[in-house]
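*Asks:* The following block contains the structure, expressed as structure tokens.
The values are calculated or read from the model by the stated rules, or taken from the named source; none is laboratory data. From a predicted model like this one, the values you see are computed outputs, not experimental measurements. Note that we place each Cβ from the backbone using ideal geometry, even for glycine, and neighbour counts take in every protein chain shown.
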Amino acid sequence: MAIPTPPVAPLRRRTRIHEVIIQGLLFLCGLISIFVTTGIIYELSKEAYLFFGYQQWLPAHKPLVADIAPEQTLFEVGTQGPALEVGSHYRIGDEIMLLEAVDGALVQMQRGAQQTEPIAHRAGLTLSREVNPNLLEFLTGTAWEPHNGRFGILPLLNSTLIVSSIAILVALPLGLATAIYLSEYATPTARSRLKPILEILAGVPTVVYGFFALTFMTPLLRAIFGSGVVEIYNMASAGIVVGILILPFVSTVSEDALSAVPRSLREAAYGLGATRLETAIQIVLPAAFSGIAAAVILAASRAIGETMVVAIAAGAGPNFTFNPFKAAETMTGHIARISGGDLSYDSLDYNSIFAVGLMLFLMTLVLNIISQRIVRRFREVYE
């Protein structure tokens, strides 16, 4: 006779208050991160839309020579400043006018354009010219002078990429060599002492790096290549020092990726007669490629977003040049310089800051997407 099996009570997860609290805090932190990122995107997009989508005005530096009546369409303006453009809209006070013809100092205007009312204006009032930045000019123009109606971001973008490229060329070989030494050659005692010392570089204030580039690296480059070749403010010294700044990012993350490679791969290589260097270069390095690539892209994002070093050492004016020994302003340096002035809200210069900031955000977003794809594509899974 079979003995009946007693019923088994269903297993229930016991509620632990501290785990619920921790889970809630972690969820809250993730929610805050998403909220902050969304807020940044919203603000950048909103202000950049004001830059591209709204009618804006720049001083034309053309004052009225004499008072004009509401019905008067032909009048005289000053001759200083840039030439007036036929077919463009100009504004005096709240009235908008369309320029139909120019004859020296005499201008023929269509009064009350864009549904504004013609009114009398006194002598001395200055014309303002309508400007409409567009995305095509923003991406392809070679001059960045918002105060003069020129909105090409290529000079800022070009200098940013040059400084970042120089920084990667400096940080990649040094950081990778350091990571290989710490992972494959250094004793545990040496690693525990050297790694914190290396990471101190990441804690040095960037303003200190900026003055180091200006007072040490630039004189060194001028001594090597000549003062006639290397300008006092230049992209090369800024790029080299930014490379030193991001060196801990490359070395630390790469060393973690190399250390994560299973010991069995190294022992198999040693069993086949490979030297320690051959094992590190031909076995361990390819196996950790995804982590190293992520480290390089992370460092590149950090280099692109660096501000104080380039603001101090690279130059303070947009310059479209491929010569790294010339002065040129990066996007972050431009934002820092313009933000320090007296800018009125919703002005052209104020809105241009957010257009440049949105460009920076998109660049770092693209780099992060590339990093994730590289990690997924080359990730090694070991059983």
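*Asks:* Please determine whether any residue of segment 236-245 is of a type in the set (Gly, Ala, Ser) and free of Cβ contacts under 8 Å to residues at least 60 places away in the same chain.
*Replies:* No, segment 236-245 contains no residue that is of a type in the set (Gly, Ala, Ser) and free of Cβ contacts under 8 Å to residues at least 60 places away in the same chain.
*Asks:* Okay, moving on. Check residue 300 against each of (1) outside any helix (DSSP H, G or I); (2) among the small types (Gly, Ala, Ser); (3) buried (at least 16 other Cβ atoms within 10 Å of the Cβ) and name the one condition it does not meet.
*Replies:* (1)
*Asks:* Oh, and also: Quick check: anything in segment 44-52 in contact with a Pro (Cβ under 7 Å, 6 or more places away or on another chain) and either surrounded by 13 or more Cβ atoms within 10 Å (Cβ to Cβ) or not aromatic (Phe, Trp, Tyr) (or both)?
*Replies:* Within segment 44-52, the subset in contact with a Pro (Cβ under 7 Å, 6 or more places away or on another chain) is 51-52.
Adding the requirement that they be either surrounded by 13 or more Cβ atoms within 10 Å (Cβ to Cβ) or not aromatic (Phe, Trp, Tyr) (or both) leaves 51-52.
The answer is yes, given that some residue of segment 44-52 is in contact with a Pro (Cβ under 7 Å, 6 or more places away or on another chain) and either surrounded by 13 or more Cβ atoms within 10 Å (Cβ to Cβ) or not aromatic (Phe, Trp, Tyr) (or both).
*Asks:* May I ask you to list the residues in segment 216-252 that are of a type outside the set (A, V, I, L, M), under 16 Å from residue 315 (Cβ atoms) and under 25 Å from the mean Cα position of the chain (by Cα)?
*Replies:* 218, 231, 233, 234, 237, 239
*Asks:* Within segment 314-321, can one find any residue that is within 14 Å of residue 48 (Cβ to Cβ), buried (at least 16 other Cβ atoms within 10 Å of the Cβ) and touching a residue at least 60 places away in the same chain (Cβ under 8 Å)?
*Replies:* Of segment 314-321, the ones within 14 Å of residue 48 (Cβ to Cβ) are none.
So far as segment 314-321 goes, no, none of its residues is within 14 Å of residue 48 (Cβ to Cβ), buried (at least 16 other Cβ atoms within 10 Å of the Cβ) and touching a residue at least 60 places away in the same chain (Cβ under 8 Å).
*Asks:* Which of the residues that make up segment 204-226 are assigned to a loop (DSSP other than H, G, I, E, B) and loosely packed, with under 12 Cβ neighbours inside 10 Å? Before the answer, list the steps.
*Replies:* We begin by selecting, within segment 204-226, every residue assigned to a loop (DSSP other than H, G, I, E, B); these are 204-205, 226.
Within segment 204-226, 205, 226 qualify.
Table: residues versus (1) closer than 30 Å to residue 199 by Cα; (2) in contact with an Asp or Glu (Cβ under 8 Å, 6 or more places away or on another chain); (3) outside the structural domain of residue 297 (by TED's automatic domain parsing).
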position: 217; (1), (2), (3): yes, no, no
position: 220; (1), (2), (3): yes, no, no
position: 234; (1), (2), (3): yes, no, no
position: 237; (1), (2), (3): yes, no, no
position: 252; (1), (2), (3): yes, yes, no
position: 257; (1), (2), (3): yes, no, no
position: 264; (1), (2), (3): yes, no, no
position: 268; (1), (2), (3): no, no, no
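*Asks:* Take segment 74-101 and flag every residue that is assigned to a loop (DSSP other than H, G, I, E, B) and either of a type in the set (Gly, Ala, Ser) or surrounded by 14 or more Cβ atoms within 10 Å (Cβ to Cβ) (or both).
*Replies:* Going residue by residue through segment 74-101, those that are assigned to a loop (DSSP other than H, G, I, E, B) are 78-88, 93-94.
Correct list: 78, 81, 83, 84, 85, 87, 88, 93.
*Asks:* To continue, here is another question. What's the total number of residues in segment 328-383 that are in a helix (DSSP H, G or I) and either at pLDDT below 85 or not aromatic (Phe, Trp, Tyr) (or both)?
*Replies:* 38
*Asks:* Provide a single number: the residues in segment 261-294 that are of a type in the set (Gly, Ala, Ser) and loosely packed, with under 14 Cβ neighbours inside 10 Å.
*Replies:* Here is the first cut: in segment 261-294, the residues of a type in the set (Gly, Ala, Ser) are 264, 268-269, 271, 273-274, 280, 287-288, 290-291, 293-294.
Retained after the next criterion (residues that are loosely packed, with under 14 Cβ neighbours inside 10 Å): 264, 268, 271, 273.
The total comes to 4.
Residue-wise test of (1) assigned to a helix (DSSP H, G or I); (2) of a type outside the set (A, V, I, L, M, F, W, C); (3) closer than 26 Å to residue 327 by Cα.
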position: 138; (1), (2), (3): yes, no, yes
position: 159; (1), (2), (3): yes, yes, yes
position: 169; (1), (2), (3): yes, no, yes
position: 176; (1), (2), (3): yes, no, no
position: 179; (1), (2), (3): yes, no, no
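*Asks:* Here is a further query. Using the structure shown, decide if residue 201 is out of contact with any Ser or Thr (no Cβ under 8 Å at 6 or more places or on another chain), surrounded by fewer than 22 Cβ atoms within 10 Å (Cβ to Cβ), within 20 Å of residue 306 (Cβ to Cβ) and touching a residue at least 12 places away in the same chain (Cβ under 8 Å).
*Replies:* Yes.
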